[in-house]
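Below: one structure, written as structure tokens.
The values are calculated or read from the model by the stated rules, or taken from the named source; none is laboratory data. A quick note: this is a predicted structure, and the numbers were derived from the prediction, not measured. Every residue, glycine among them, receives a Cβ derived from its backbone with ideal geometry; neighbour counts consider all protein chains shown. Calculation scope for accessible area: heavy atoms of the full protein, side chains included, ligands and nucleic acids excluded. Shrake-Rupley method; radii C 1.70, N 1.55, O 1.52, S 1.80 Å.
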Amino acid sequence: MKVLQSNIFSQIPRNQQYEELGAPIKKGDPVDDLSSPESIKSIERPPLRKVDQYIRAECPCLSKRATVAVLSCMGFIIMFGMRTSMGIVKLQFENKTKVWGQDTASAVESAIFWGYFITQIPGGLIAAAYPANKLFGFAIGTSSLLNFFIPFTYKYPPFIIALKILQGLVEGVTYPACHGIMRYWAPPLERSKLATLAFSGCYGGVMFAMLICGVLVDYLGPMSPFYFYSVMGILWYLAWIWLVFEKPSLHPCIDTKEMMYIENSLGKVSETYTPPTLQNTPWLTFFKSMPCYAIFVANFCRSWNFYLLVLNQPIYLSDTYHESIETNTILGALPHFLMTIIVPSGGILADRIRRNGILTTTQVRKLFNCGGFGMEATFFIVMAYCNDFALAITALSIGVAFSGFAISGFNVNHLDIAPRYASILMGMSNGIGTIAGCICPYVVNKILGEDHTIEKWREVFILSAFIHYAGVIFYAIFASGELQDWANPTVEEEKQWNQMAETGNIKSSFASRNNSMNYGSVDKQQPPRPPLPKQLTIQESSLDNSVSTIPQQIPQNIPPSQQQPVATNPFLGRITNPFRQEPVQPQAQDTYLYGTVEDRTY
């Protein structure tokens, strides 16, 4: 028989909808209830920790989601600063001591990438199964602690290689964990802005390392950068565990309006379906999906050029133009400074274009990614044929700056095509990108040989340019910004979760106020809701959704003694009532029965 459904739930104001879904409501804050503007309610939050009773877990002038993005950015600054400092210390220290040979230097430089590669995919699974914020903080904090021991093993290459591998193992989970964090904290229309702000720390870390490490080495000794980043990493970790939580609903100090905005825009999918595991993840589908391949290829191409500059830029400028160390580090930081600005700016621009409907998500991703890659490759070729230091730095700066727009392309694309598996896909694509970091030092040293001439460096940068051109072509053909069919939950998953015979769509269906498109939220858009009837009170509007048809004239003036707060009755809500059954026969028309059904609360 056809199940009859009531549309009374769609007529209840949004805050009462949260009440229907089981969110505890208490007096104290305003709600979105146009029928009773004098009513004051709020969503109950977790209890304050002891530290929150003295110092609230918040940053002045920053929203909680912006705080998450800024601290993620600072974490990446520390992580990539530790990587870049190795190249600068080697440039200033190795030229005098000659502790390492050419093969040893290549092994040390690539050691961190071997460990980094191993934990990429496991990191994606762990980030999907456990709190991603704790995983991210643990990775940066542990890597900072390991960095403290590098000066003691610098003259013993096997030990320093072991330390770098351990650093790579823990750092390998950072990118997947960051996507796992943004899954809960980044609204769809702010996805590019918040994600690119976090990832801009990768390039800001290179810039700050080039500026700071040279000064530290000159004044405090060649090993001072390792101590500096270790201390900064530990301090950052303390701030991270204080200010960042897994999701908005677990933050004890978040504003109710911000929490409702984030969760309403993202939907309740993360609470509705079980997280991806090794068994239920569609691994084979990943390798059959061309949009996934587009992200993998783009990540490899970008990683090749990025790690080429991180590991070899100071040496290239020193070998080719014989500039002083101070000039090398200061001007060498300029390209990465521009990219640090361009990456979050490109994210804001990408979101604005999508929000205004100028281009679709797919068109935005392709435009930003291919444009950034293509311009960087072109200016790499220009730089390769420059014979003047100023022109070479200018070409390098412009090319690297343009590549910052590509981060709003492939690096956010995981959340577009498969938000459920974003952390796993990020782990896979970043693992493929890490392969570039593993083989790049060997290829560069093979091309350069013992004589680092300008002609040999020209071959290195021309090769990098053509790798980028290949990435442009592949991404332009196969990339997509649309949610893929295989990323939706299966029928079996829906049945497995829907244990209490709940009818209708088990997903949250909160639409935006203007009923506009949700831009990436996997919840289906619902039709506009009719206005709330004037005679519908809060108590009457919370009738169980199992009542199939409700007469137009709802009884009014219910005595206060018969009214119950909705939040205190677990059998009243649409989802919280475990014994609810849908009617399977027409509603009785008997006057006495009608009165008993409509006049009492469940």
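Structure notes:
- Between PHE113, PHE148, the distinction of being touching a Gly at 6+ places or on another chain (Cβ under 6 Å) and over 19 Å from VAL68 (Cβ atoms) belongs to PHE113 only.
- When we screen TYR421, TYR442 for residues that are over 28 Å from LEU349 (Cβ atoms) and in a helix (DSSP H, G or I), the only hit is TYR442.
- Taken residue by residue, the range 56-65 has at least one member that is surrounded by 21 or more Cβ atoms within 10 Å (Cβ to Cβ), part of a helix (DSSP H, G or I) and touching a residue at least 24 places away in the same chain (Cβ under 8 Å).
- Residue pairs meeting the criteria (Cβ under 6 Å; at least 6 apart or on separate chains; first closer than 19 Å to PHE208 by Cα, in the range 339-354; second open to solvent by 10 Å² or more (accessible area, probe 1.4 Å) and modelled with pLDDT of 85 or more): MET339/ALA401; THR340/MET207; ILE342/ALA401; PRO344/LEU197
- If you check PHE208, PHE199, PHE226, PHE287 for being within 19 Å of ALA132 (Cβ to Cβ) and of a type outside the set (D, E, K, R), only one passes: PHE199.
- Residue check for ALA422: modelled with pLDDT of 85 or more and open to solvent by less than 40 Å² (accessible area, probe 1.4 Å): no
- Restricting the range 172-189 to residues that are at pLDDT 85 or above and surrounded by fewer than 24 Cβ atoms within 10 Å (Cβ to Cβ), the residue that is nearest to GLU246 (Cα to Cα) is TYR184.
Yes/no per residue for (1) free of Cβ contacts under 8 Å to residues at least 60 places away in the same chain; (2) touching a helix residue (DSSP H, G or I) at 6+ places or on another chain (Cβ under 9 Å); (3) open to solvent by 10 Å² or more (accessible area, probe 1.4 Å):
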{"residue": "VAL443", "(1), (2), (3)": "yes, yes, yes"}
{"residue": "GLU450", "(1), (2), (3)": "no, yes, yes"}
{"residue": "ARG458", "(1), (2), (3)": "no, yes, yes"}
{"residue": "SER464", "(1), (2), (3)": "no, yes, no"}
{"residue": "TYR475", "(1), (2), (3)": "no, yes, no"}
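- Flag for ILE241 being open to solvent by 50 Å² or more (accessible area, probe 1.4 Å) and at pLDDT 90 or above: yes
- Of the listed requirements (1) at pLDDT 85 or above; (2) out of contact with any helix residue (DSSP H, G or I) (no Cβ under 6 Å at 6 or more places or on another chain); (3) open to solvent by 40 Å² or more (accessible area, probe 1.4 Å), THR285 misses just one: (2).
Condition check ((1) farther than 15 Å from TRP486 by Cα; (2) at pLDDT 85 or above) across all residues:
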| site | (1), (2) |
| --- | --- |
| PRO276 | no, no |
| PRO291 | no, yes |
| VAL297 | yes, yes |
| LEU317 | yes, no |
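- Filtered residues of the range 347-387 (kept if of a type in the set (Ser, Thr, Tyr) and over 20 Å from ARG302 (Cβ atoms)): THR360, TYR385
- When the range 382-414 is filtered for residues that are open to solvent by 10 Å² or more (accessible area, probe 1.4 Å), closer than 25 Å to GLY481 by Cβ and touching an Asp or Glu at 6+ places or on another chain (Cβ under 9 Å), the ones remaining, listed by number, are ALA401, PHE402.
- Of all residues making up the range 213-231, the number that are within 24 Å of GLY137 (Cα to Cα) and open to solvent by 50 Å² or more (accessible area, probe 1.4 Å): 3
- Helices (runs of 4 or more DSSP H) enclosed by the range 77-157 - at least 1 residues per element that are aromatic (Phe, Trp, Tyr) and modelled with pLDDT under 90: 102-118, 150-153
- Every pair of residues 6+ apart whose Cβ atoms lie under 8 Å, when the first sits in the range 161-175 and is farther than 25 Å from ASN133 by Cβ while the second is open to solvent by 30 Å² or more (accessible area, probe 1.4 Å) and not in a helix (DSSP H, G or I): LEU163/PHE149
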